[in-house]
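The values are calculated or read from the model by the stated rules, or taken from the named source; none is laboratory data. The model shown is predicted, which means the values in this text are computed figures rather than measured ones. Because the Cβ atoms are built from the backbone with ideal geometry, glycine has one as well, and the counts that use them run over all protein chains shown. Just the protein is used for accessible areas: all its heavy atoms, side chains included, with ligands, DNA and RNA removed. Shrake-Rupley method; radii C 1.70, N 1.55, O 1.52, S 1.80 Å.
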Amino acid sequence: MFEIDKIPTELFFLLDERGIPMDEIKLAAFCDRDLDHNPAETYLIATKTDLVILTGVFARDPEGKTSRRKWVETDQRVYALSEISGFRIEELLSSARFTAKNAEGEPILLAVLTNFCRTSMILFRKYLDKLKRDGDFELDPDDDPKSNRCPKCGHRYPNKNRKICPRCMDKGKLFRRITKFFFKYKLELILSVISLIAMTGLTIWAADLSSGYFISEVLTEGGKFYGAVFSILVLLISVKVVKMLASIVNNYMTSVIAAKVSFDLKKTIFGAIERLSLSFFTSRQTGGLMTKINRDANTIYSFFCNTLPHFLVNVAQVVVLVVVLIMLNARLAILCLLMIPISLIIMRISHGTNRKLHAKRYSTQRAMTSFLSDELSGMRVVKAFSKENLEIERFEERSNRLGDADVRRATFNTFIVPISGFLLYSLGTLMARGVGGWFVIMGDFNYADLMTFIAYIGMIYSPLQFFSEMSEMTADCSNALQRLFEIMDSEPEITESPNPIHVDTFEGNVRFDDVSFSYIKNRRVIDHVSFDVPAGQTLGIVGHTGAGKSTLANLLIRLYDPEQGKISIDGVNIKKLAFKDLYRNIAIVSQETYLFMGTRLENIRYARPDASYEEVIAAAKAAGAHDFIIKLPDAYDTKIGFGYKDLS
């Protein structure tokens, strides 16, 4: 059985009860809509003779008699494969329909799906055709779902070329990989950590000077510094001044690291994106990539430069203070510290939920950024068709989704953080005051040590309160790291030959030999195309929208590689040609125009930055642009593109 999507075990039991044993099933897939386009679970099961389609939802047994989920069916259809044919996937705006024709040639709607299930259904249609034609099929190695799914959880890899499952991956590896960006600035990191340690030590000392030590040694008769209030105050002020200087050093070092690491991260992400093939960009929106470059880099920087150093110092502070508290009064320390494990358990539970909420918030933010990028770029079209109100409604819809995601995240943390804080600070401090006060009354503890104990217990709970809030920061950083390495680990589909052939000038003999190509696997746009264009001749290709005219040009300059066949120039396979020579000898006039921000001169020189001024003018004259360019205020030095004047 070729199980394209994971089919619930309960469904196989149900089919067996209906006379379809598991060993007779040849093909199975999943769709996420019913025939009315409503969310539902639709399973398509094919045997040698029949196509069975079940629609419904799985639910727990309301009576609680069994732990097995119950299948609540809303529709069941059975078609004999001998009576249906012409299986097709008809694409809609954000969904698709799986259709066929009956024996009379009338269309039949078999299933409805979103784009999430499209790849699976393309495979299902491919093998259903083979099953109907031959009664059986052999699975192509490239179509084996096991190679594209996590062996642990069974979910599909987001990137087929990067066999890493976001659900099962070791999150610790993400943080270990990113440290190379920070180790480049060891001196700044060392100074930052030293200043943080100094701040922590001085904070603990200042707390002791202003509480227990002040009471026992300065205000109590017989103390070492009895009556020396002014001297202790001067010492306390000096400690706070040194602490302030350490804080200034820390802030300066952090700012230096911030600028450098943020630059390195953005440069790395942008460099990784630039080296990827065009197919990477066709499946992603511009706004989403902009979010990765800007927001994710800042999130990672903020965690490692602000959150992590404070975390390490706070850990050291907690360890030192726990030891001091036990030395002051072991029984009272144990009672007050009992709240810590409970709070840590809550933080552990909340981290997973926080991570999911942050991932959801990020996806809605990316959708919003992509929408704004598309909307502002296409404002001329919006105005031309007077669709302002429609675009406002679309914006409100996406804005509401982002707002809902923010509300869910904020609501969760609004409850978790105060609960953790209450357990840590309020109950712990009350216990220290209540039980500690009782120990003072009973003579087991002196008042000065109790004041020191209360000051220190508050200093322990503050870092632990920070740890509870760190769950949210860690979740955000973990998601950003995952997205960063997804880009960095992506491999370009189009690569240059290890030993490329260098050609200075092409004669221009172009040959397509049995070329096939598809943007989506198993759905060909170019199917076994062959033709020759001798040097010096012109070939015009006409066809309807989507027929593959632009695709032929894209294949010629290796923006994509054909799945089958060969393309050659002057008898040399273009896969063996050096990229530099191929791009230098072929000029493309795209149907989509784009102007980079800069001068007219810089835009014309884009393909050849070393072109002389005379060559630029010659090119402009050949394109019929020279006459209107020289009429501009700065002629060829006039700014154009984003933020400046544009061309029609």
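Give the range 98-111 a look and list any residue that's in a strand (DSSP E or B), under 18 Å from Ala46 (Cβ atoms) and either in contact with an Asp or Glu (Cβ under 9 Å, 6 or more places away or on another chain) or of a type outside the set (A, V, I, L, M, F, W, C) (or both), or say none. Working first, answer last.
So in the range 98-111, the residues in a strand (DSSP E or B) come out as 98-101, 107-111.
Now drop any that are not under 18 Å from Ala46 (Cβ atoms), which leaves 98-101, 108-111.
Matches in the range 98-111: Phe98, Thr99, Lys101, Ala111.
Taking Phe58, is it open to solvent by 20 Å² or more (accessible area, probe 1.4 Å), under 21 Å from Leu139 (Cα atoms) and either at pLDDT 90 or above or in a strand (DSSP E or B) (or both)?
When the stated conditions are applied, Phe58 does not pass them.
Restricting the range 249-277 to residues that are without any contact (Cβ under 8 Å) to a residue 40 or more places away in the chain and of a type in the set (Gly, Ala, Ser), which is nearest to Glu493 (Cα to Cα)?
In the first step, residues of the range 249-277 are kept if they are without any contact (Cβ under 8 Å) to a residue 40 or more places away in the chain; the result is 251-252, 255, 259, 262-263, 266-267, 270-271, 274.
If we keep only those that are of a type in the set (Gly, Ala, Ser) too, we end up with 255, 259, 262, 271.
Details: Ser255: 39, Ala259: 33, Ser262: 28, Gly271: 16 Å.
So, considering only residues that are without any contact (Cβ under 8 Å) to a residue 40 or more places away in the chain and of a type in the set (Gly, Ala, Ser), the one nearest to Glu493 (Cα to Cα) is Gly271.
Give the number of residues within the range 508-519 that are open to solvent by 40 Å² or more (accessible area, probe 1.4 Å) and modelled with pLDDT under 85. Explain how you work it out, then say what you get.
Step one: filter the range 508-519 for residues open to solvent by 40 Å² or more (accessible area, probe 1.4 Å), giving 509, 511, 513-514, 519.
Next, from what is left, pick out any that are modelled with pLDDT under 85: 519.
Counting residues in the range 508-519 that are open to solvent by 40 Å² or more (accessible area, probe 1.4 Å) and modelled with pLDDT under 85 gives 1.
Looking only at residues that are at pLDDT 80 or above and aliphatic (A, V, I, L, M) in the range 404-426, which one is surrounded by the most Cβ atoms within 10 Å (Cβ to Cβ)?
Ala405
Of the residues that make up the range 17-29, is at least one closer than 21 Å to Ser95 by Cβ and surrounded by fewer than 17 Cβ atoms within 10 Å (Cβ to Cβ)?
no
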